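A.B. asks: Structure provided below as structure tokens; questions to follow.
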């Protein structure tokens, strides 16, 4: 038994040593490579605070709103745990969006990291599903009506749409069964995300990290510890400072005031909007006048990210050596922010037109510009 225990201990220490301490990292990694570690820390914060909140939350339409107020007012440090969880979701998405755009800029989706990129997109999809169901749980006005609007979108799917909606609702409207299902799934999905994160890290360590120059750095690597953990530690300190300012001084900055009103099926809010991190995709949904087309465009805006490694035609990774792609990337980034702004505006002129133009550019960039720029670069390389 002693030898078996010692073998297990040595095995664990070997994993830690190979994947953390002596993990070979490209010598030129910048602070932009700290977003992956920060995303993992955000996930841990969400899981830990979520477990504590679940101890006091009541998933019932008559008591859900009151149980959240009970957590805020009566549970020791309950206000802190609740605000950490609510704002932690926003921090998580800020970090993950930064991580995704960094990957786009430096070509981290290119061979041999296709599977790494695809696993990251799957994590992002699960994050969005988890965040949506979590937003429903406080059972305020925006929670109830957001759930009603978003779940109704599935009815646009031919043949099976109405059945999916009935299953999500657990009946014929958003009610107690819906809240129970969303609570159960919201509790379980973070652990599924954690499993995918482990697979994501395994794929990362299989092929090694990309680097700002996008060159093959197989022969120019140093151990992660003690050189790069300092960068991650500094990034963590900056993140904690930013998170603390939001948490202690502006805890409701990123939320919606209508969610402090108990859910009322008989009173529709003047303007139903999702959380800020859904707004770009919500703008894409609203820019298509057809319901099914809007749902397909919104889902497609995320799914097409899975195809990026396979439609890419460039042999150069980093935007540092791709001036045309670099300019178009920043246009794409600005367009994404524009869609986020449009998503919170009312559906009227000129916001509808701006949203349609932004949606068109979003899909054109991924489906046309990325492969076309790669082909142009190849031709220029041949002529030179």
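Each reported figure results from applying straightforward, stated rules to the coordinates on display, with no laboratory input. Since the model is a prediction, treat every value here as computed from it, not as a measurement. Neighbour counts are summed over all protein chains in view; Cβ atoms, including those assigned to glycine, are modelled from backbone coordinates with ideal geometry.
A.B. asks: Please label the shape of region 197-305 as rounded, prolate or oblate, based on the square roots a ≥ b ≥ c of the eigenvalues of the alpha-carbon gyration tensor (a/c under 1.5 means rounded; beyond that, a/b larger than b/c means prolate, else oblate). Intermediate values should be presented prior to the final figure.
C.D. replies: Numbers: a/c = 3.64, a/b = 1.61, b/c = 2.26.
Oblate.
A.B. asks: What is the packing order of peptides 83-90, 262-269, 62-69, 376-383, taking the mean over residues of other C-beta atoms within 10 Å and listing the highest first?
C.D. replies: Ranking, from highest mean packing down: 83-90, 62-69, 262-269, 376-383.
A.B. asks: At 7 Å along Cα-to-Cβ for each site, give me the label-to-label distance between residue 238 and residue 303 in nm.
C.D. replies: Spacing of the two 7 Å Cα→Cβ label points: 3.7 nm.
A.B. asks: I would also like to ask the following. What shape does the chain take by its C-alpha gyration tensor, where a ≥ b ≥ c are the square roots of the eigenvalues and a/c under 1.5 counts as rounded, a/b above b/c as prolate, and the rest as oblate?
C.D. replies: Because a/c hits 1.5 or more and a/b fails to exceed b/c, the chain counts as oblate.
A.B. asks: Averaging sequence separations of C-alpha pairs under 8 Å and six or more residues apart, then dividing by the length of the chain, give the relative contact order as a whole percent.
C.D. replies: Values: 436 pairs, mean separation 89.4, N = 384.
23 percent.
A.B. asks: I would also like to ask the following. Which FRET efficiency, nearest 0.05, do residue 270 and residue 62 yield, Cβ-Cβ r, R0 45 Å? Don't skip to the answer; put the middle values down first.
C.D. replies: Values: r = 26 Å, r/R0 = 0.57.
Rounded to the nearest 0.05, the efficiency is 0.95.
A.B. asks: What list do you get for 310, 369, 321 if you sort them by fewest beta carbons within 10 Å?
C.D. replies: Ordered by Cβ neighbours within 10 Å, fewest first: 310, 321, 369.
A.B. asks: Here's another thing I want to ask about it. Stretched out fully, how many nm does the piece from residue 326 to residue 205 gain, at 0.36 nm a residue minus the Cα gap? Could the numbers behind the result be given before it?
C.D. replies: Values: separation 121, 0.36 × 121 = 43.56 nm, distance 2.73 nm.
Gain on extension, residue 326 to residue 205, equals 40.8 nm.
A.B. asks: State the Cα centre-to-centre distance between region 112-142 and region 324-384 in whole Å.
C.D. replies: Using only Cα atoms, the two centres lie 23 Å from each other.
A.B. asks: Another question, if that's okay. How would 196, 233, 308 line up from fewest to most surrounding beta-carbon atoms within 10 angstrom?
C.D. replies: Neighbour counts put them in this order, fewest first: 233, 196, 308.
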